[in-house]
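The structure follows.
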Amino acid sequence: MDNNERYIFESIVSDMSDGVFVIGFDGKISLCNKAAADALNTDNNDLIGKSVAILMNEFEENDEFFELLLDAVYTKSKVIKTVPFRTDGQMRYLRVTTSFLMKGDEKIALVAVISDNTDPVELFIHNKRLANQVIGLMNSFVEVMVTETEERSAYNADHTKNMVRYAVRYLDWLTRQGRLTEFTMENTAPFIMSIWLHDIGKLLVPPEIMDKPTRLGASLKDVMHRIEITKLMLKMKMMTSADKKDELQKWMDDISEAADFINICNTVGFLDEASRERLKKISELKCITSDDETVPLFTAYEYESITVVKGTLTKSERMMVESHVTFTRDLLAKMEFRGDYRNVPMWAASHHEMLDGSGYPDGIKGEDISWESRLLTIIDIYEALTAKDRPYKPPVPPEKAFAILRDMCGAGKLDRDILESFYESGAWRDCEDGFNCSRPQRTYRRKAKIMYEV
């Protein structure tokens, strides 16, 4: 600038309430007003002519502020950012807005406007701290509720905790890959909360159904008691009815063989057609009560239970267990989730939906199922397959579990891209299998951009 232009410019900025720096592209401050010097708690004369790099060394606690100015000068870019600034043991927050001093179409210097933003920032920090306290309290409450839910089931105690662990590792992996925000929000806490809450509806499912370890469950005791009474009554009859001894002995043998076969079928993983046919014939056997009355070997419920093809639940019991998703949705609907947490109920209640529409409770499909729900579903199925605490089935090895999941992808039920990404991350591995379970430390890397000679 010539002297006349400089005089006009200095006259304009000298009495401004905001601080103004003019920094040449050599990194040196050519002009600053009193407000700018006051913002840095120094004198104008101590700033003019000095390099920003030199000032960074003089104000050792304020690297972030001076790095911001250096970056703006080096890249010739406009910046709007609030950064902390410490002087005399006091923390303030300065809002820095950069633009350019132009001569025609040429940028001849950087103009940085500095304003004290301490009051609104401290108010924001205070409110954020209060919000974090509320969220922390809510997280603690959720974990207590989930722990209570899973402790009701002796066979499901670690299901949600394992899922959370897998999800946190996977999201950390995506973050390190720089890919997290391609799929979900940078704030992953709401998604993790949806995992904590996804099975909260199980509180309303009777524990005798949730914990049913075998086909007959508690009813096995009734069936075996009925058989033992029958055998005792048959022995008594054989002592008083010698002419019917052969007939009664055959009845005894049939009942005894039936008891052995029922015990086998009660715990087997899959019930084949031949076994079901044999059970049908067994169901036609009669038992004798202590009052000498003849009753069927099975009640209707017991017969339905013992002939379940796979698993331990009858159709009505399975529907009751599946209803936990509806219960989850209904329970969470009574809570008010706002902001980043607004989708928690939807994600939590959609973890049994399938891409082909065959899932429940709503049968939604395709693009109507969010990325978060798709991921939650995959992690839920993987944990269930590999769980070591289920009495009705042995744990499936991880590679076999992924083979099953890939088959489900092939059938159009699960998202293959998410599955393969989850597999690649290794987040599913146990710590002893070589996965680094510690969260990566986030470190601040100081930029080494001291480009100017002192």
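The values are calculated or read from the model by the stated rules, or taken from the named source; none is laboratory data. Just so it is clear, the model here is predicted, and its values are computed rather than measured. Neighbour counts run over all protein chains shown; Cβ positions are idealised from the backbone, glycine included.
Here are THR326, THR294, THR307: which of them is assigned by TED's automatic domain parsing to the domain that holds ILE262, more than 27 Å from PRO395 (Cβ to Cβ) and of a type in the set (Ser, Thr, Tyr)? Spell out how you get there, then give the answer.
Details: THR326 fails: assigned by TED's automatic domain parsing to the domain that holds ILE262; THR307 fails: more than 27 Å from PRO395 (Cβ to Cβ).
From the options THR326, THR294, THR307, the qualifying one is THR294.
Now a separate question. Select from the stretch 358-409 the residues that are in contact with a helix residue (DSSP H, G or I) (Cβ under 7 Å, 6 or more places away or on another chain) and in a loop (DSSP other than H, G, I, E, B) and write down the one among them that is modelled with the highest pLDDT.
The extreme case among them is SER370.
Looking at the structure I just gave you, is GLU424 within 24 Å of LEU355 (Cα to Cα), in contact with a helix residue (DSSP H, G or I) (Cβ under 9 Å, 6 or more places away or on another chain), modelled with pLDDT of 95 or more and not in a loop (DSSP other than H, G, I, E, B)? I'd like the intermediate steps shown before the answer.
Values: within 24 Å of LEU355 (Cα to Cα): yes; in contact with a helix residue (DSSP H, G or I) (Cβ under 9 Å, 6 or more places away or on another chain): yes; modelled with pLDDT of 95 or more: yes; not in a loop (DSSP other than H, G, I, E, B): yes.
Against the criterion (within 24 Å of LEU355 (Cα to Cα), in contact with a helix residue (DSSP H, G or I) (Cβ under 9 Å, 6 or more places away or on another chain), modelled with pLDDT of 95 or more and not in a loop (DSSP other than H, G, I, E, B)), GLU424 qualifies.
Out of everything in the stretch 16-71 that is among the acidic types (Asp, Glu) and part of a loop (DSSP other than H, G, I, E, B), what residue ends up being modelled with the highest pLDDT?
First, pick out the residues of the stretch 16-71 that are among the acidic types (Asp, Glu): 18, 26, 38, 43, 46, 58, 60-61, 63-64, 67, 71.
Still in the running and part of a loop (DSSP other than H, G, I, E, B): 18, 26, 43.
Working: ASP18: 89, ASP26: 92, ASP43: 83.
Among them, the one singled out is ASP26.
Take THR75 and decide whether it is surrounded by 14 or more Cβ atoms within 10 Å (Cβ to Cβ) and either within 40 Å of the chain's Cα centre (by Cα) or among the charged types (D, E, K, R) (or both).
no
Counting only residues that are of a type in the set (D, E, K, R) and surrounded by 12 or more Cβ atoms within 10 Å (Cβ to Cβ), which one in the stretch 264-285 is farthest from THR230 (Cα to Cα)?
So the first thing to find is which residues in the stretch 264-285 are of a type in the set (D, E, K, R), and the list is 272-273, 276-278, 280-281, 284.
When the remaining residues are screened for being surrounded by 12 or more Cβ atoms within 10 Å (Cβ to Cβ), the result is 276, 278.
Working: ARG276: 23, ARG278: 20 Å.
Per the criteria, the residue is ARG276.
Show the residue pairs that are 6+ apart or on different chains and have beta-carbon atoms under 7 Å apart, the first residue being within the stretch 395-408 and in the same structural domain as GLY426 (by TED's automatic domain parsing), the second being part of a loop (DSSP other than H, G, I, E, B) and basic (Lys, Arg).
Going by the 7 Å Cβ cut-off, the qualifying pairs are PRO395/LYS388.
Among (1) under 32 Å from the mean Cα position of the chain (by Cα); (2) part of a loop (DSSP other than H, G, I, E, B), which single condition is GLY217 missing?
All conditions pass for GLY217, except number (1).
Say whether the condition of being basic (Lys, Arg) and within 53 Å of the chain's Cα centre (by Cα) is met by at least one residue in the stretch 225-235. Let's see the steps before the verdict.
Of all residues in the stretch 225-235, those basic (Lys, Arg) come to 226, 231, 235.
This time we only want the ones that are within 53 Å of the chain's Cα centre (by Cα), so: 226.
Within the stretch 225-235, one or more residues are basic (Lys, Arg) and within 53 Å of the chain's Cα centre (by Cα).
Also, I was wondering about something else. Can you pull out every residue in the stretch 237-291 that is in contact with a helix residue (DSSP H, G or I) (Cβ under 8 Å, 6 or more places away or on another chain), small (Gly, Ala, Ser) and either part of a helix (DSSP H, G or I) or not assigned by TED's automatic domain parsing to the domain that holds ILE306 (or both)?
Listed by number, the residues that qualify are SER256, ALA258, ALA259, SER275.
Could you check VAL121 against (1) within 41 Å of the chain's Cα centre (by Cα); (2) assigned by TED's automatic domain parsing to the domain that holds ASP26 and say which number it fails?
Checking VAL121 against (1) within 41 Å of the chain's Cα centre (by Cα); (2) assigned by TED's automatic domain parsing to the domain that holds ASP26, the one that fails is (2).
Limited to the stretch 374-404, what total is found for residues that are more than 19 Å from the chain's Cα centre (by Cα) and aliphatic (A, V, I, L, M)?
The number of residues fulfilling the criteria is 4.
Out of the stretch 310-334, which residues are part of a loop (DSSP other than H, G, I, E, B), in contact (Cβ under 8 Å) with a residue 40 or more places away in the chain and farther than 19 Å from TRP347 by Cβ? It would help to see each step written out before you state the result.
Taking the stretch 310-334 and keeping what is part of a loop (DSSP other than H, G, I, E, B), we get 311-314, 323, 334.
Those left that are additionally in contact (Cβ under 8 Å) with a residue 40 or more places away in the chain: 311-313, 323.
Within the stretch 310-334, GLY311, THR312, LEU313 meet the criteria.
Which one of these is aliphatic (A, V, I, L, M) and more than 19 Å from LYS221 (Cα to Cα): LEU331, LEU297? Please lay out each step first, then the result.
Working: LEU297 fails: more than 19 Å from LYS221 (Cα to Cα).
Answer to the check: LEU331.
PHE337: more than 13 Å from the chain's Cα centre (by Cα), hydrophobic (A, V, I, L, M, F, W, C), in a helix (DSSP H, G or I) and in the same structural domain as ILE404 (by TED's automatic domain parsing), yes or no?
Details: more than 13 Å from the chain's Cα centre (by Cα): yes; hydrophobic (A, V, I, L, M, F, W, C): yes; in a helix (DSSP H, G or I): no; in the same structural domain as ILE404 (by TED's automatic domain parsing): yes.
It is false that PHE337 is more than 13 Å from the chain's Cα centre (by Cα), hydrophobic (A, V, I, L, M, F, W, C), in a helix (DSSP H, G or I) and in the same structural domain as ILE404 (by TED's automatic domain parsing).
Which pairs do you get when a residue that is closer than 18 Å to SER194 by Cα, found in the stretch 353-375, comes within reach of a residue that is hydrophobic (A, V, I, L, M, F, W, C) and in a loop (DSSP other than H, G, I, E, B), reach meaning Cβ atoms under 6 angstrom, with the pair 6+ apart or on two chains?
What qualifies is GLU353/ILE364; GLU353/ILE369.
Ok, one more. Does LEU419 fit the bill of being outside any helix (DSSP H, G or I) and closer than 22 Å to LEU180 by Cα?
no
List every residue pair whose Cβ atoms sit under 8 Å apart, with the two residues 6 or more apart in sequence or on different chains, where the first one lies in the stretch 210-236 and is at positive phi and the second, anywhere, is polar (S, T, N, Q).
Partner pairs satisfying both residue conditions: GLY217/SER305; GLY217/THR312.
State yes or no: is VAL83 closer than 16 Å to ASP38 by Cβ and assigned to a strand (DSSP E or B)?
Details: closer than 16 Å to ASP38 by Cβ: no; assigned to a strand (DSSP E or B): yes.
In short, no.
For ASN33, which of the numbered conditions (1) in contact (Cβ under 8 Å) with a residue 40 or more places away in the chain; (2) surrounded by 20 or more Cβ atoms within 10 Å (Cβ to Cβ) fails to hold?
Only one criterion in (1) in contact (Cβ under 8 Å) with a residue 40 or more places away in the chain; (2) surrounded by 20 or more Cβ atoms within 10 Å (Cβ to Cβ) is unmet by ASN33, namely (1).
Against the condition assigned to a helix (DSSP H, G or I), crowded, with 16+ Cβ neighbours inside 10 Å, within 23 Å of the chain's Cα centre (by Cα) and of a type in the set (A, V, I, L, M), how does LEU355 come out, does it pass?
Numbers: assigned to a helix (DSSP H, G or I): no; crowded, with 16+ Cβ neighbours inside 10 Å: yes; within 23 Å of the chain's Cα centre (by Cα): yes; of a type in the set (A, V, I, L, M): yes.
No; evaluated as a whole, the condition is false for this residue.
Taking PHE261 and the conditions (1) farther than 30 Å from SER350 by Cα; (2) in contact (Cβ under 8 Å) with a residue 24 or more places away in the chain, which numbered condition does it fall short on, given that it satisfies the others?
(2)
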